[in-house]
Amino acid sequence: MSFDARAVVRRIGVLAVFLLSVVTLLFFLLQLTGDPAEVMVGDSGTPEQLEQVRKQYGFDRPLAEQYVRYLVNLAQFDFGVSFANDQPAFSLVMDRVGPTLLLTFLSIIATLAIAVPLGAWLGARPDAPERIAGGIAVYIAQGVPGFVAGLLMIQLFAVHLRWLPSIGHEGVATWILPTLTLASFLAPKLTRVVAANVTEAMREDYIRTARASGAGPSGLLWRHALPNALLGATALVGAQFAFLISGAVITEVIFAWPGLGWLLVKATTTLDFPVIQAAVFVIAVLVFAVNTLTDVLFRFIDPRLRTKGI
Amino acid sequence: MIPAFFSRGGLFRGAAAVFFCIGLAGATSAADMSQTVRVGVNDLPPGKGNPFSALGSPSIYTWSAIFDSLTRVDDQGIAQPMLAVKWENTDPKTWRFTLRDGVKFSNGEALTSAAVIAGFEYIKSGKAGRSPVVGEMRGVTAAKAVSDNVVEFTTGRPDPILPNRIAALKLVAPKHWAEKGPEGYATEPVGTGSYKLVSWDANKVTLEAFDGSWRAPGVGKLEIIELPERSARVQALLSGQVDIVTGLSTDDIPVIEGAGYKVDIKPAAQVMSLALPLVKKNADKKLVDLDTPFKDVRVRQALNYAVDKEGIAKGILAGHAKAAGQGATPAAFGYNPDVSPFPYDPAKAKALLAEAGYADGISFEAEVVTGSFPGDSEIYQKMAQDMAAAGIKVTLRRITFPDWLSKYLGRKSWEGQAFGMSWNSAPYIDSIRPIVLFSCFNPFTFTCDANVRGMVIKANGEFDPAKRKAILRNIHKANRAAPPAVFLVEQIDLFGLSGKVKDFKQTNRWIAYHDISIN
Amino acid sequence: MTTAFGLLPRLGILRRSNRPGIQLAVGGSLLLFIFILALLHRQLAAYDPLAGDILTRLKPLLTPGHLLGTDQLGRDILSRLLFGFPWSLGIALAATLIAMIVGTVAGLWAAWVPGWIRTFINRSADTIIAFPGLVIAICVIAVIGRGFWPLALTLGVLTWPFFARVVYAEALGLLQREYVLAAELFGVQGWRILIRHVLPGLRPTLMVMLAFHFADMLIAESALSFLGLGAPIQAPTWGNMLAESRQYLFLAPWMMLAPGGVIVLVVVTLNLLGDGIAKLSRDKARAVE
């Protein structure tokens, strides 16, 4: 595709508006969650201590003033320091980005590795009895909540068989169970999308044409039907990315994986506003980046879209 | 007043110090660097390595490896020597502590009075606004170095339990502290404890033996890993990935023991209760009476009779906890052994309610926080079930801890009529702490009994431990007669240990890492 | 960022065509069965779902009097499971309807009115999708507390953009159809066009999404319960039951079976129905072609 400078500028404008709306929504929502000064002083705090902490952090200022100052600080990329430990909130968050992206990336790879072949197999001849049974298994897998899958896998592979570790994030062995747990959420859905698309594509006109011109069935599947199905997979993976980034929290909790989701939950339950704000900001930027990437990928995979120039 | 008595107390404590030193004398050779102990904890210290940022758990699990304070309160509620070897009153408002000789911080600084003064000055500087240590040091007006190894604290009014209270003040290496401040200390903590920091990662703290410590450990490496999910902690223990886990529940005991592992069960210094608020602070910051059925003491008694606390202790906590009848555990100073829990008597509960004019029963909402104690969610639910059987309909509202705090600290008002509340004698294991917190002296109190108020004033000025104990016991007796809360159970702390961990000891969640050995 | 979502419905989740009849028949009868259980939960439950005897806690499956055993407080699991039907299904359905109504209105509006309204709606959808749901869940709990409606509201607010995006993309297409253009030409009022001509065209898509979304909400409820952000503590929702059961994975593993099994059952039912409807409408469309 061609690089259109105007499109890039427009994209940046969209990003700016998007980030402004995310941080604004967040700022006002946080006001509803509570008063961090109370969490900081705890249950043995005195009224004087509360007063002092509110003053120290500027919670006693009018809301509009706090909001403006928040935006001004953000514009300078200053997220402030964590209420809990005085560390710069942004660097606390960035420490978690690596592990989060690693887990997300691995689970998307695992999902594709499971869902594409399985979906192609199920979709190529959807009426075969063993494939109907496979389809039902996929339905069932979809109904199992992530934490159940995770705990059961630990029980089997770590506790009983002792094949795999269930904690830590150093080394390939520690990646396997968290990756599978997160993939267990996405893979059944994707399998069904791929299966449906493959079934559909096998009947499309151009496949019939290809078949008429003498291509074998497996060639049809790999050369024609599957690329089409991948389009659907890309869309689904792109759409679920936001979920994977912040929604991986259950996997992170179970496997002691130092990701963004758990940091965010902890910060939210202790009202550590700077950390919440930095985390949500970083997540928003990541989601935006991946959506942009998905769009580009889309045009790359599907030539029809390129020519249509959507 | 009677300083003579106090030097006697000091002597007694000196004797205890000798025992303590012997206990530590074994660890003189260098630690075995081929050994590692891994600990799975609910949470790492939120304030990281800034030892003034919190008190108690979860921070204490990690900090007890790194930091020490002048004293430590044992499981009998008595202050034991740590970095101070003895202490005495030179007059009722002055406490003089003598520091242990030859103690070094892990960065090489020597322990002198300057370390105590550095921490104390920070607490008093106004920069430590949110530190819970500020509240614990409220009555202490000044600290000064009498010599290199003698520190003197002055209190505003006589403070008989300062040696217990001072345990909250962990000692920092003064030069390092001056250089780094609280922000720098958070990532580069330095203490006198058994271990020194190697790295502080997002969910793991790696430490190694500080061989020059006055309580040097035998095991060379220590890893503390955050595992927030309880079932995952159990799994990590059972799969041999960690050696010690914190925060278990009694239902984990058969699982852990069944797999050939061990559990360490100790009473916690906390009593679980359902507070029955009678007063609240109004806009003018004055306490006003609430219009509630709990005004009638018979209703409060009825609620206490209605709950089968023995059933909770036996059924939910597998007999490892005890039913509570007062806001103190046996270890806490001032606990009254003669005050028994309310017997389970639904008929009497009904009768008392009828007498108070509620023959048809009452109904109310209770706001509770769950997930802080073994089985707490089940305990509240069982309480509600029992009360329902006596015609008392309780709707439980589970709220978040920040929300609970907002309501407790009075910015928001309670939506229910009762709320879950723990009577916590930690950190100094003296029952005066919850008593003062839940008395007219705390602006955030939910109850204010004139009778108790008078006794609290007396206790606060009483230096003679025996007399002070007698007053505190009377307060517990008064609180049994006119209960400010439904006392449920004395809580417990449960740790899981793998087979290879030996000599594990913990007191009020302070883990004696220096004693641990591995085979 | 809208492209990917806009294409989603066209990419085949909604199309697959092989004998929708079986799927619809199986899914439909399962749904009927579930519906009957939900209606008769009071009659079928032998015990009060909140009351239990601590002496008979953690009894295994097939204990006399407790077919599915008892939980950690000695409550009958079968009774709790039955009382969970109105709770869990209700929350999931209410959340789905909130998301669908808000999303459809927003999507239609955005498709109909170009300019700043379209931009505003589309950007709002982007914002919500990228916004961590946990923060919103915690806000709702802090402000209005826990319960049936707070949960339904949280899930609905978090997921309306999924409907809005699909509806927007489909409606844009439908608005280009000749009969719609013709109606416009004849001066039919805007909202009439949307209701008469566009909405019916959206119906198959919405029905399929309804089924899938309903299933997702059921799982979401248990995820929120796991994080302690779910229904009130005593409430017998399946999510609560499942979240509580995880602490008894070792001691009483059967506790996970009942709530887990029923969630799987409902999810399978709804997915069968969703797939069936999708195929049916696809076949119809084919027939028309």
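The values are calculated or read from the model by the stated rules, or taken from the named source; none is laboratory data. Just so you know, these numbers come straight off a predicted model, no measurement behind them. Because the Cβ atoms are built from the backbone with ideal geometry, glycine has one as well, and the counts that use them run over all protein chains shown.
A few points about this structure:
- One residue stands out in the stretch A:23-52 among those that are at negative phi and not in a helix (DSSP H, G or I): the one that is surrounded by the most Cβ atoms within 10 Å (Cβ to Cβ), namely A:Gly45.
- Answer residue from the stretch A:142-166, given it is surrounded by fewer than 19 Cβ atoms within 10 Å (Cβ to Cβ) and part of a helix (DSSP H, G or I) and is farthest from the other protein chains (Cβ to nearest Cβ) among those: A:Leu156
- Breaking point among (1) small (Gly, Ala, Ser); (2) within 11 Å of another protein chain (Cβ to nearest Cβ); (3) within 23 Å of B:Asp101 (Cα to Cα), for B:Gly193: (2)
- When residues in the stretch B:414-458 are screened for being away from chain A (no Cβ under 14 Å), surrounded by 23 or more Cβ atoms within 10 Å (Cβ to Cβ) and of a type in the set (Gly, Ala, Ser), 2 of them pass.
- Checking each residue in the stretch A:263-275 for being facing another protein chain (nearest Cβ under 7 Å) and not polar (S, T, N, Q) picks out A:Leu264, A:Val265, A:Leu271.
- Residues satisfying the stated conditions in the stretch C:41-69, i.e. of a type in the set (A, V, I, L, M, F, W, C) and touching a residue at least 40 places away in the same chain (Cβ under 8 Å): C:Leu50, C:Leu58, C:Leu61, C:Leu68
- Screening the stretch B:278-320 for residues that are out of contact with any Ser or Thr (no Cβ under 8 Å at 6 or more places or on another chain) and of a type in the set (Gly, Ala, Ser) and picking the one that is nearest to B:Cys448 (Cα to Cα) gives B:Ala283.
Residues are listed down the side, and each one gets a yes or a no for (1) at pLDDT 90 or above; (2) over 23 Å from A:Gly150 (Cβ atoms); (3) β-branched (Val, Ile, Thr); (4) in contact with a Ser or Thr (Cβ under 9 Å, 6 or more places away or on another chain):
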{"position": "C:Leu181", "(1), (2), (3), (4)": "no, yes, no, no"}
{"position": "C:Val188", "(1), (2), (3), (4)": "no, yes, yes, no"}
{"position": "C:Leu194", "(1), (2), (3), (4)": "no, yes, no, no"}
{"position": "C:His197", "(1), (2), (3), (4)": "no, yes, no, no"}
{"position": "C:Ser245", "(1), (2), (3), (4)": "yes, no, no, no"}
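- One residue alone among B:Ala331, B:Ala275 is touching an Asp or Glu at 6+ places or on another chain (Cβ under 6 Å) and under 24 Å from B:Ser431 (Cβ atoms), and that residue is B:Ala331.
- Qualifying residues in the stretch B:236-274 (those that are in contact (Cβ under 8 Å) with a residue 60 or more places away in the chain, within 9 Å of another protein chain (Cβ to nearest Cβ) and in contact with a helix residue (DSSP H, G or I) (Cβ under 6 Å, 6 or more places away or on another chain)) - the one surrounded by the fewest Cβ atoms within 10 Å (Cβ to Cβ): B:Val242
- Selection from the stretch B:470-519 of residues that are in a helix (DSSP H, G or I) and over 30 Å from B:Phe419 (Cβ atoms): B:Ala470, B:Tyr513, B:His514, B:Asp515
- Identity of the residue in the stretch B:358-371, under 19 Å from B:Ala485 (Cα atoms) and part of a loop (DSSP other than H, G, I, E, B), that ends up nearest to the other protein chains (Cβ to nearest Cβ): B:Thr370
- Restricted to the stretch B:348-395, and to residues there that are surrounded by fewer than 23 Cβ atoms within 10 Å (Cβ to Cβ) and at positive phi, the residue that is modelled with the lowest pLDDT is B:Gly371.
- Test: residue in the stretch C:219-238 that is crowded, with 21+ Cβ neighbours inside 10 Å, touching an Asp or Glu at 6+ places or on another chain (Cβ under 7 Å) and not small (Gly, Ala, Ser): yes
- Restricting attention to the stretch C:123-160 and to residues that are of a type in the set (A, V, I, L, M, F, W, C) and closer than 20 Å to A:Ala289 by Cβ, the residue that is farthest from the other protein chains (Cβ to nearest Cβ) turns out to be C:Ala125.
- Which numbered condition A:Ala173 fails, given (1) more than 13 Å from chain C (Cβ to nearest Cβ); (2) in a loop (DSSP other than H, G, I, E, B): (2)
- Selection count, the stretch B:68-97, where residues are of a type outside the set (A, V, I, L, M), under 28 Å from B:Val205 (Cβ atoms) and out of contact with any Leu (no Cβ under 7 Å at 6 or more places or on another chain): 6
A quick yes/no check of all residues on (1) away from chain C (no Cβ under 14 Å); (2) more than 16 Å from B:Ile392 (Cα to Cα):
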| site | (1), (2) |
| --- | --- |
| B:Leu278 | yes, yes |
| B:Ala283 | yes, yes |
| B:Thr292 | yes, no |
| B:Tyr305 | yes, no |
| B:Gly319 | no, yes |
| B:Gly334 | yes, yes |
| B:Tyr344 | no, no |
| B:Lys350 | yes, no |
| B:Ala356 | yes, no |
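- Residue, modelled with the highest pLDDT, within the stretch C:72-129, restricted to residues that are part of a helix (DSSP H, G or I) and of a type in the set (Lys, Arg): C:Arg80
- Among the residues of the stretch A:167-185, the one identified as buried (at least 24 other Cβ atoms within 10 Å of the Cβ) and farther than 11 Å from A:Thr251 by Cβ is A:Ile167.
- Take the conditions (1) surrounded by 18 or more Cβ atoms within 10 Å (Cβ to Cβ); (2) modelled with pLDDT of 90 or more; (3) in a helix (DSSP H, G or I); (4) not aliphatic (A, V, I, L, M); B:Gly315 misses just one of them, which is (2).
- Pair list, Cβ < 9 Å and 6+ apart or interchain, from the stretch A:163-183 residues that are within 16 Å of A:Gly261 (Cβ to Cβ) and of a type in the set (A, V, I, L, M, F, W, C) to residues that are in a loop (DSSP other than H, G, I, E, B) and modelled with pLDDT under 90: A:Leu182/A:Ala248
- Residue tally, condition closer than 20 Å to B:Leu497 by Cβ and free of Cβ contacts under 8 Å to residues at least 40 places away in the same chain, over the stretch B:205-229: 1
- Among the residues of the stretch B:201-235, those that are among the hydrophobic types (A, V, I, L, M, F, W, C), within 14 Å of chain A (Cβ to nearest Cβ) and buried (at least 21 other Cβ atoms within 10 Å of the Cβ) comprise B:Val205, B:Ile224, B:Ile225, B:Leu227, B:Ala232, B:Val234.
- Near pairs, Cβ below 6 angstrom, 6+ apart or cross-chain, from the stretch A:42-56 (more than 7 Å from every other protein chain (Cβ to nearest Cβ)) to any residue that is modelled with pLDDT of 80 or more and surrounded by fewer than 15 Cβ atoms within 10 Å (Cβ to Cβ): A:Arg54/A:Asp60
- Within the stretch C:124-149, tally of residues that are more than 17 Å from A:Thr269 (Cβ to Cβ) and in contact with a helix residue (DSSP H, G or I) (Cβ under 9 Å, 6 or more places away or on another chain): 11
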